[in-house]
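The values are calculated or read from the model by the stated rules, or taken from the named source; none is laboratory data. Source: prediction; values computed, not measured. Ideal geometry is used to build each Cβ from the backbone, glycine not excepted, and the neighbour counts take in all protein chains shown.
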Amino acid sequence: MQPVLKIDNLSVQLPKGADRQHAVENVRLEVLPREILCIVGESGSGKSVTGLSVMGLLPKGQLKPVSGKILLQDENLLEASEERLRDLRCTGMSMIFQEPMTALNPVMRCGDQIDEVLSTHTKLEQKERTQRIIRIMEEVRLPEPERLINAYPHQLSGGQRQRIMIAMALVLEPVLLIADEPTTALDVTTQSSILQLIRDIQHDHQTGVLFITHDFGVVAEIADRVAVMQWGKVVEFGEARQILSDPQHDYTRMLIGAVPSMKPGHREREESSQVVLNTEKLSKTYSERSLFRTTRTVYAAQQVDIELRRGETLGIVGESGSGKTTVARCIVRLIDPTSGEVFLDGNEIGQLRTGQLRPYRKRIQIIFQDPYRSLNPRRIVGDSIIEGATNYGISREDALKRAHSLMELVQLDPNSLDRFPHQFSGGQRQRICIARALTMEPEVLIADEAVSALDVSVQAQVLKLLDDVRRRFNLALLFITHDLRVAAQICDTVAVMSQSKVVEYGLTHDVFSNPRHEYTRSLLDAAPGKDWEFDLSLNTHG
């Protein structure tokens, strides 16, 4: 069978002064019709550069192909003109990007963005184009296509925005689809439906798919073949089943060994431990007024009762919009609860005025999902770490001593305190945020999707660090996640939220092994690679 894509000895040069000479080096890959080839590896391994090279979208003056061939149905894309590449995009090859909100134009209606592809590459009349748009929206299973044609991206959910991107990519039925981490930021049920959609469309249209990911659960779910990349090179290539069951390269074994198991360890709860944090009937509602002065009530959290003991990790899991983050922000008082109570060591803080909260602020600290956005890019990380402590009266000298010891605790060089956030990797920035939270010596630590954007190996390291910190300081850890594998490994108890309510609550082992609520069962069923139990002993790095 003739491949739709063949990459032969591709090398892409990095600018002078980079940590290596090539972003990708001597890469050989091929994608067959109706095949899904997954490229897997950590950030910086060259996965996205490979995809962007195929599309001709490498940043000019920064990354330059210096050798090799990229053949799309025997046409060498590296020799094609800019005009020819524009003609091929969407007609011969298309790309789905990781974050649809940044890839879609926020001031254009969704239908117009799909129509832009058709009006650029076809001579169809407006009526025919509209019919084609509705048909492709139906194919990607968007509800009410006639209505969504006139919607703007911000009016859609994350999963719906990603489906609009897929519709744009597939409306002209290209032979090659490149999907660059298209499900990383999505919750498990949305992720599952997007993966099924890509698999169905790929089969129905005989499309070859180059799927870029760092998630081996996704690989187990959809891949026909797998290419493992490290430092710009393909270190292992073969059938998915063979690589997942018998990886040959140490790096592949390390990646697979870092995948959290879906089977929770049996972590007994210490009932005698002190209750540090609990909520009673915690609720948050918003009122939205339209142009016609009608009011709509949105229930972000309803009647939430949770209890967190010292030294324990409580997980809150659920889909996007289920109310997880709203509960966390009400607890830490970044937003005010509408009703209900929040108790910290028996003291009610949910209804306190802002001025009364100061003594309690340092006792609850929060780590956010994106460390780069939560660190000031213009301040050295040392100043960010000590800011809270100095605000509470600790001298700068003592705060810096504490920062030095905490940098060692989170396994970073204390001498790097004078660097800026952009000089660290994503995993290192998250460690800095952990150190900043611990500077306040809190009793409760809240981690809000703190590992969801990290590579699987870095994620494993940060999870181990959070668990070590919990044990060392006897902290109460509230862990918010949509990743059930992560929840299974780190949480003692788990609360499952759906449509702003807690629908199931109990020991993690009990909830995962015997889910009682239909929603919990649907979450567990949707987890990618749920039927493949990864061999954790493969992690040769310990």
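Key figures for this structure:
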read-out: Complete set of residues in region 458-513 that are within 26 Å of Gly426 (Cβ to Cβ) and charged (D, E, K, R); value: Lys464, Asp467, Asp468, Arg470, Arg471, Arg472, Asp483, Arg485
read-out: Of all residues in region 380-431 being basic (Lys, Arg) and not in a loop (DSSP other than H, G, I, E, B), the one that is surrounded by the most Cβ atoms within 10 Å (Cβ to Cβ); value: Arg431
read-out: Count of region 65-103 residues which are in a helix (DSSP H, G or I) and either in contact with a helix residue (DSSP H, G or I) (Cβ under 9 Å, 6 or more places away or on another chain) or among the aliphatic types (A, V, I, L, M) (or both); value: 10
read-out: Selection from region 13-31 of residues that are out of contact with any Ser or Thr (no Cβ under 7 Å at 6 or more places or on another chain), touching a residue at least 60 places away in the same chain (Cβ under 8 Å) and within 17 Å of Ile212 (Cβ to Cβ); value: Ala23, Arg28, Leu29, Val31
read-out: Test: residue in region 486-503 that is in the same structural domain as Glu319 (by TED's automatic domain parsing), charged (D, E, K, R) and more than 22 Å from Gly41 (Cβ to Cβ); value: yes
read-out: The listed residue being in contact with an Asp or Glu (Cβ under 7 Å, 6 or more places away or on another chain), buried (at least 18 other Cβ atoms within 10 Å of the Cβ), β-branched (Val, Ile, Thr) and not assigned by TED's automatic domain parsing to the domain that holds Ile114, out of Ile198, Ile194, Ile222, Ile243; value: Ile243
read-out: Number of the exception - Asp204 against (1) in contact (Cβ under 8 Å) with a residue 60 or more places away in the chain; (2) surrounded by fewer than 23 Cβ atoms within 10 Å (Cβ to Cβ); value: (1)
read-out: Identity of the residue in region 336-371, outside the structural domain of Leu475 (by TED's automatic domain parsing) and in a strand (DSSP E or B), that ends up nearest to Gln459 (Cα to Cα); value: Ile367
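Here is a yes/no grid of residues against (1) under 17 Å from the mean Cα position of the chain (by Cα); (2) on the phi > 0 side of the Ramachandran plot; (3) surrounded by fewer than 21 Cβ atoms within 10 Å (Cβ to Cβ); (4) of a type in the set (Lys, Arg):
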| site | (1), (2), (3), (4) |
| --- | --- |
| Arg147 | no, no, yes, yes |
| Ala151 | no, no, yes, no |
| His154 | no, no, yes, no |
| Gln162 | yes, no, no, no |
| Met168 | no, no, no, no |
| Val171 | no, no, no, no |
| Leu176 | no, no, no, no |
| Ala179 | yes, no, no, no |
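Okay, residues lined up against (1) closer than 26 Å to Ser322 by Cα; (2) free of Cβ contacts under 8 Å to residues at least 24 places away in the same chain:
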{"residue": "Gln191", "(1), (2)": "yes, no"}
{"residue": "Asp200", "(1), (2)": "no, yes"}
{"residue": "His214", "(1), (2)": "yes, no"}
{"residue": "Gly217", "(1), (2)": "yes, no"}
{"residue": "Ile222", "(1), (2)": "no, no"}
{"residue": "Arg225", "(1), (2)": "no, no"}
{"residue": "Glu236", "(1), (2)": "no, yes"}
{"residue": "Gln242", "(1), (2)": "no, yes"}
{"residue": "Leu255", "(1), (2)": "no, no"}
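Every residue, every condition in (1) at pLDDT 90 or above; (2) in contact with a Cys (Cβ under 8 Å, 6 or more places away or on another chain); (3) more than 29 Å from Leu72 (Cα to Cα); (4) β-branched (Val, Ile, Thr), yes or no:
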{"site": "Glu146", "(1), (2), (3), (4)": "no, no, yes, no"}
{"site": "Pro153", "(1), (2), (3), (4)": "no, yes, yes, no"}
{"site": "Arg163", "(1), (2), (3), (4)": "no, no, no, no"}
{"site": "Ala167", "(1), (2), (3), (4)": "no, no, no, no"}
{"site": "Leu172", "(1), (2), (3), (4)": "no, yes, no, no"}
{"site": "Ile201", "(1), (2), (3), (4)": "no, no, no, yes"}
{"site": "Asp204", "(1), (2), (3), (4)": "no, no, no, no"}
{"site": "Val228", "(1), (2), (3), (4)": "yes, no, no, yes"}
{"site": "Glu236", "(1), (2), (3), (4)": "yes, no, no, no"}
